[in-house]
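S.K.: Below: one structure in structure tokens.
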Amino acid sequence: MPYTLPPLGYSYSALEPHFDAETMEIHHSRHHQTYINNLNAAIGPHAEFSTLAVDDLVTKLNSVPEDVRKTVRNQGGGHSNHSFFWRGLKTGTELQGPLKEAVETTFGSVDAFKAEFEKKAASVFGSGWCWLVLQGKDLKVVTTKDQDSPLMGEGVVGEAWGTPVVGLDVWEHAYYLKYRNKRPDYIKAFWSVVDWEEGGRKFEQAGKAGKL
Ligand code: MN3
């Protein structure tokens, strides 16, 4: 099968008490695995696409055969988004360096950035994601519905296009076991587990790729 579940690289309990072990295990081993299974079933017969890295696959969504495009959007988006999410979680990191300077320049302060991110993440109606993205050389906070990714581009996700720097899953399955209906508490907990080192790397890589 072309796509496989990436290991977390840390234990399910590594982000306790902010993100609980039971949620992490179900979210990674069942929810994420299901996106991959469904993606493989749809794209498996299309070898010219199923050999692409999943981020490249969703970037090229509009070239995917029409009969499987919606499935790739939902299930490939799910695989891409969750792979990004797991890589971007770690306790004890600090926002610093060029990304911190860019956040302060763009939003006025780190606190003002966090307030905007929290407000937009809380405002997603139903299921979706909240992102800090780079659009050209501009940082922006955007949201996507369902499993849409900023990588899918302006033609698919409108003003939410961009290169993701930080992303938060705000589907109920990401927080309901621990936080129940209190999505804002889950969003605040994200600041204790977001990996700013990885975010800084993403930011600087996008710059080196000529997107700054
Ligand atoms: Mn999820």
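S.K.: Scan the range 126-146 residue by residue and report those that are closer than 24 Å to D111 by Cβ and either away from the ligand (no atom under 16 Å from the Cβ) or in a loop (DSSP other than H, G, I, E, B) (or both).
M.R.: Selection gives L132, V133, L134, Q135, K137, D138, L139, K140, V141, V142.
S.K.: Which count do you get for residues in the range 51-70 that are more than 21 Å from the chain's Cα centre (by Cα) and surrounded by 15 or more Cβ atoms within 10 Å (Cβ to Cβ)?
M.R.: Looking only at that region, the number is 2.
To keep it simple, each residue is scored yes or no on (1) in contact with a strand residue (DSSP E or B) (Cβ under 7 Å, 6 or more places away or on another chain); (2) modelled with pLDDT under 95; (3) open to solvent by 50 Å² or more (accessible area, probe 1.4 Å).
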residue: K137; (1), (2), (3): no, yes, yes
residue: T143; (1), (2), (3): yes, no, yes
residue: E154; (1), (2), (3): no, no, yes
residue: V157; (1), (2), (3): yes, no, no
residue: G162; (1), (2), (3): yes, no, no
residue: D169; (1), (2), (3): yes, no, no
residue: W191; (1), (2), (3): no, no, no
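S.K.: Check the range 23-43 and report whether any residue there is in a loop (DSSP other than H, G, I, E, B) and either open to solvent by less than 70 Å² (accessible area, probe 1.4 Å) or in contact with a Lys or Arg (Cβ under 8 Å, 6 or more places away or on another chain) (or both). Talk me through it step by step, then tell me what you get.
M.R.: First, the residues of the range 23-43 that are in a loop (DSSP other than H, G, I, E, B): none.
No, the range 23-43 has no match at all.
S.K.: Can I ask one more? Looking only at residues in the range 23-62 that are among the acidic types (D, E) and away from the ligand (no atom under 16 Å from the Cβ), which one is nearest to G78 (Cα to Cα)?
M.R.: The selected residue is D55.
S.K.: Now a separate question. Considering the range 99-117 alone, what residues qualify as being under 14 Å from W196 (Cβ atoms) and open to solvent by less than 60 Å² (accessible area, probe 1.4 Å)?
M.R.: Step one: list which residues in the range 99-117 are under 14 Å from W196 (Cβ atoms), which gives 99-104, 110, 113-114, 117.
L99, A102, V103, V110, F113, K114, F117, listed by residue number.
S.K.: Restricting attention to the range 196-212, which residues are within 17 Å of K90 (Cβ to Cβ) and crowded, with 18+ Cβ neighbours inside 10 Å?
M.R.: Passing the criteria: W196, G199, G200, K202, F203.
S.K.: For residues that are in contact with a helix residue (DSSP H, G or I) (Cβ under 8 Å, 6 or more places away or on another chain) and closer than 22 Å to D185 by Cβ, scanning just the range 70-93, find the one that is farthest from the ligand (Cβ to nearest atom).
M.R.: T93
S.K.: Then there's this: In this structure, is R87 surrounded by 15 or more Cβ atoms within 10 Å (Cβ to Cβ), among the basic types (K, R) and either under 25 Å from P6 (Cβ atoms) or touching a residue at least 40 places away in the same chain (Cβ under 8 Å) (or both)?
M.R.: When the stated conditions are applied, R87 passes them.
S.K.: Among the residues of the range 147-193 satisfying the criterion of being within 16 Å of the ligand (Cβ to nearest atom) and polar (S, T, N, Q), which is nearest to E22 (Cα to Cα)?
M.R.: Ranking the candidates gives Q147 first.
S.K.: How about the range 171-182: which of its residues are open to solvent by 30 Å² or more (accessible area, probe 1.4 Å) and of a type in the set (A, V, I, L, M)?
M.R.: L177, the sole residue that qualifies.
The values are calculated or read from the model by the stated rules, or taken from the named source; none is laboratory data. Note that the structure is a prediction, hence the values are computed from the model and not measured. For neighbour counting, all protein chains shown are included, and Cβ atoms are generated from backbone atoms with ideal geometry for every residue, glycine included. What goes into the accessible areas is simple: the full protein's heavy atoms, side chains included, and nothing from ligands, DNA or RNA. Shrake-Rupley method; radii C 1.70, N 1.55, O 1.52, S 1.80 Å.
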